[in-house]
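The numbers here are math on the coordinates, done by the rules we state, and not lab data. The model shown is predicted, which means the values in this text are computed figures rather than measured ones. Quick reminder, even Gly has a Cβ in these numbers, built from the backbone with ideal geometry, and neighbours come from all protein chains shown.
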Amino acid sequence: MKRIFHVGGWSRNYGDLALQNGVMAEFQKHAQNGLEFVPIHCQQTWFHPDLIELINRDADMLLLGGGGMVFHRPEDNSHSGWQFNIRTEDIDKIKVPIVVYGIGFNKFYYDDRGFKPQMGESLRRVQQAAAIFSVRNQGSREALAGFGLDADAIEVVPDPGMFVTPAKLTVPEFSGKHPLIGLNWAGDRPFYRFPEPWEAHRQSVIDSLCDALNRVIDEQPDGLVAFVPHLQENIDAEVYPLFKERLGDRIVNIEEICAQIYPPSAVQAGFLADIYRQMDCVIGMRGHANIIPFGVGTPIIGFGSHNKNRFFLNECGLSDYMIDTTQCDLSDSADQMHGTISRCLANRTEIQTHIRERKGQFSDITDDFIKRALGLIDA
C-alpha cells in the first residue's frame with residue numbers, strides 16, 4: 001500500500017472537492033499497488049518541521065494540487081505567500097518525491113494587493129525540489145514564469161476536476177424543460193470580481209444577464225435556468241433573490257430543490273457533475289463551473305472578470321465563448337450576452353464534438369503525467 005499525502009483546498013467548495021475526486025480516480029486507474037490518500041487542507045495547515053518529519057516517515061509522495069493554489073489569502077498567515085504554507089528554508093527538508101499537479105494562477109482581476117515578496121522564491125524552490133512541476137493551463141505557465149520560474153520546466157497538465165465521475169441525480173423540476181441553462185455565480189469576494197463601486201457594477205451585470213436570459217427563454221419558452229452554487233452557507237446563493245426577482249419561475253436554485261447534496265462534500269461531488277451533465281449549456285463564473293461541465297461534455301460559457309476562466313477556455317479551444325464582465329458597463333452588454341448564449345445553444349452539437357476530442361487529448365496528457373508520477377513510488 002502506497003500512501004500519498006494530498007494537499008489542496010478540501011473544504012467548502014464543490015469545485016475543489018470534485019477535483020479531489022478526479023485526482024483519486026485517475027491515480028487509482030493507473031496504480032499497480034494499492035493507494036491511500038491522506039488529505040491535507042492547505043488553507044488550514046502550516047508545514048512545520050514536525051509535520052515534515054511525519055510526511056518523510058509515513059508518506060510515499062507529497063502531491064500538491066490541483067486547483068488555484070497560486071493565491072494569497074492574508075487570513076491564512078502563509079509563510080510562503082501562496083497555498084503551500086511552508087517556510088522557504090524548510091522546502092528542502094521534504095525527502096519524499098514532490099509532485100505538483102496542475103496548479104493555477106489565481107489572482108482576482110480587481111485585487112490590487114499583489115503577492116507577498118517571498119512567493120516568487122518559494123515557488124522557484126518548490127520547482128527545484130519537485131520531481132514534476134505542472135500548471136493547469138498556458139496562462140498560468142506564463143504567469144509563473146514572470147516570477148522567475150524556469151518556463152521550460154513547467155508542464156501543462158489539465159485540471160483534474162474534469163475527471164470527476166457523474167453519479168445519477170434525478171431532478172423532477174428538469175422534466176420537459178429545454179433548453180436547460182446552468183448558471184454558476186461566484187458569491188465570495190465580490191469586491192475583487194467587480195470594480196468599485198462593486199455593488200452597483202454587480203447589479204449592472206446581473207441586470208444584463210437577466211435581460212439576456214429572459215430573451216433566450218422568450219425565444220424558447222420551455223427553457224429553464226438552474227442556479228448552481230458551489231459554496232456552502234448561502235455564499236454563492238446570496239444573490240439568488242436578485243435573479244429570482246427578474247426571472248421568476250424561469251429559474252430554480254439547486255441548493256433548494258436538491259438540498260440533499262448540500263453542504264458540499266467529496267462523496268457527493270458526482271451528483272453536482274450530473275447536474276451539469278443534464279444541462280444544454282452552462283454559464284460558469286467559477287473556474288470549476290467551466291471545468292466540470294466540460295468534463296461531462298456540456299457546452300460552456302466562461303463568465304466574469306477572472307483570468308482563470310479565460311485561461312481555461314483558451315486551453316480547450318473555446319475562447320469565443322467567454323463573457324468578459326470587465327466590459328459590463330457597455331450599453332450593449334445584454335445584447336452581447338444574449339448573442340453568446342444563443343450561439344452556444346445553436347452550436348451545441350458541434351461544441352460537444354469538439355469537447356469530446358479535446359478531452360481525449362487532455363486524458364492522454366493526464367495518463368502520461370500520472371504514470372510518471374506513480375513511477376516515482378512504484379519502483
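Computed values, structure above
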| quantity | calculated |
| --- | --- |
| By average C-beta atoms within 10 angstrom, highest first, the peptides 305-315, 174-184 | 305-315, 174-184 |
| Residue-wise HN-Hα coupling along segment 252-259, computed from phi with Karplus coefficients 6.51, -1.76, 1.60 (Hz; x: Gly, Pro) | 10, 9, 4, 5, 8, 7, 10, 4 |
| Straight-distance crosslink candidates among aspartates and glutamates, where the alpha carbon sits under 15 Å from Lys168 and sequence neighbours closer than 8 are dropped | Asp274 |
| Pairs beyond 32 Å (Cα-Cα), from Lys95/Lys116; Lys116/Lys359; Lys93/Lys371; Lys29/Lys244 | Lys116/Lys359; Lys29/Lys244 |
| Computed lengthening from Ala167 to Asp188, 0.36 nm per intervening residue step minus Cα-Cα distance | 4.8 nm |
| Proxy reagent accessibility, fewest Cβ within 10 Å first, across Tyr192, Tyr240 | Tyr192, Tyr240 |
| Relative contact order of the chain, pairs being alpha-carbon contacts under 8 Å that are 6 or more residues apart, as % | 19 |
| Loop-resident sites, segment 37-82, for chymotrypsin sites (Phe, Trp or Tyr not before Pro), counting at most 15 other Cβ within 10 Å (DSSP) | Trp46 |
| Trypsin sites (Lys or Arg not before Pro) within segment 67-135, DSSP loop, no more than 14 other Cβ atoms inside 10 Å | Lys95, Arg113 |
| Aspartates and glutamates with Cα under 15 Å of Lys107, excluding same-chain neighbours fewer than 8 positions away | Glu142, Asp188 |
| Net charge over other residues, Cβ less than 11 angstrom from the Cβ of Asn214 (K, R count +1; D, E count -1) | -1 |
| The chain - mean residue ellipticity at 222 nm from DSSP helices (-39,500 (n - 2.57) per run, n ≥ 4, rounded to 500) | -12500 deg cm²/dmol |
| Radius 11 Å from Cβ of Asp236, net charge of other residues (Lys, Arg +1; Asp, Glu -1) | -2 |
| Reported label for calculated volume of the Cα convex hull per residue in Å³ given (1) 243; (2) 129; (3) 276 | (2) |
